[in-house]
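The values are calculated or read from the model by the stated rules, or taken from the named source; none is laboratory data. Keep in mind that what you see is a predicted model, and the values were worked out from it rather than measured. Ideal geometry is used to build each Cβ from the backbone, glycine not excepted, and the neighbour counts take in all protein chains shown.
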Amino acid sequence: MKTSLQIMFLLLIIVSLVYCAPKEDIKISFPQKIKSVYYQKWIDLKESKGSGTFFYIEFEAPLSKDIQLVKIYFQNQEANFEPVTKNTFVAHLAPNHTTPDLILHKDSRKEYGNQAPVITKPKFVLKATEALLEYKSNGKSYFFKINNPKEKPMITYPSTIKPKK
């Protein structure tokens, strides 16, 4: 009798832990009609400001008031959305290229103080051709997986196209 009570108690704990675990609510369809989804890489050649990616979502109608775009997770990066127009939103994805200076010397004691690289895992495991859109609808967070967003030609700053005179 005592062992059966222990087994029942253990089973109850396991079941409660499984159902209480946080789960992402990934939706199959977005609550509003999406016209286009694309991304465009950019690079600044003159001022060495780096590079990055613009991720655009364009809707057929203005975004409903009860829907709020939160973040996009794409190619191991994440960014918040900003409105461009009533129907178009953009997220600015910039790679994190902060590499600390390393002291390299033939005497290894002089290299003391070099920091080991910090490797962070992405929040979601996605393929290179997948993006995950986080949005809120009526105050509750949801996720929508976007497959194969289109890639538009790269933008180089300053523009390499000369204006006609």
If only one of Lys164, Lys86, Lys110 is more than 30 Å from Asp66 (Cβ to Cβ) and either surrounded by 10 or more Cβ atoms within 10 Å (Cβ to Cβ) or at pLDDT 80 or above (or both), which one is it?
Lys110
What number of residues within the range 128-146 satisfy the criterion of being under 15 Å from the mean Cα position of the chain (by Cα) and either exposed (fewer than 10 other Cβ atoms within 10 Å of the Cβ) or among the acidic types (Asp, Glu) (or both)?
3
I need the full set of residues from the range 109-132 which are out of contact with any Lys or Arg (no Cβ under 6 Å at 6 or more places or on another chain) and aliphatic (A, V, I, L, M), in order please.
Ala116, Val118, Ile119, Val125, Leu126, Ala128, Ala131
Name the residues in the range 38-83 that are small (Gly, Ala, Ser), under 17 Å from Phe144 (Cα atoms) and surrounded by fewer than 17 Cβ atoms within 10 Å (Cβ to Cβ), would you?
Ser64
Scan the range 91-107 and report the pairs whose first residue is at pLDDT below 75 and whose second residue is in a strand (DSSP E or B), with Cβ atoms within less than 8 Å and a gap of 6+ or a chain change.
Pro95/Gly50; Pro95/Ser51; Pro95/Gly52; Pro95/Gln77; His97/Gly50
Any residue in the range 118-139 that's farther than 13 Å from Tyr73 by Cβ: show its pairings with residues that are in a strand (DSSP E or B) and among the hydrophobic types (A, V, I, L, M, F, W, C) at Cβ separation under 7 Å, as long as the two are six or more apart or on different chains.
Lys136/Val70; Ser137/Ile67
Which members of the range 147-161 meet the condition of being at pLDDT 80 or above and either within 14 Å of the chain's Cα centre (by Cα) or in a strand (DSSP E or B) (or both)?
Asn147, Pro149, Lys150, Glu151, Lys152, Pro153
Single residue of the range 1-58 satisfying the filter (over 24 Å from Ser141 (Cα atoms) and polar (S, T, N, Q)) that is modelled with the lowest pLDDT
Ser48
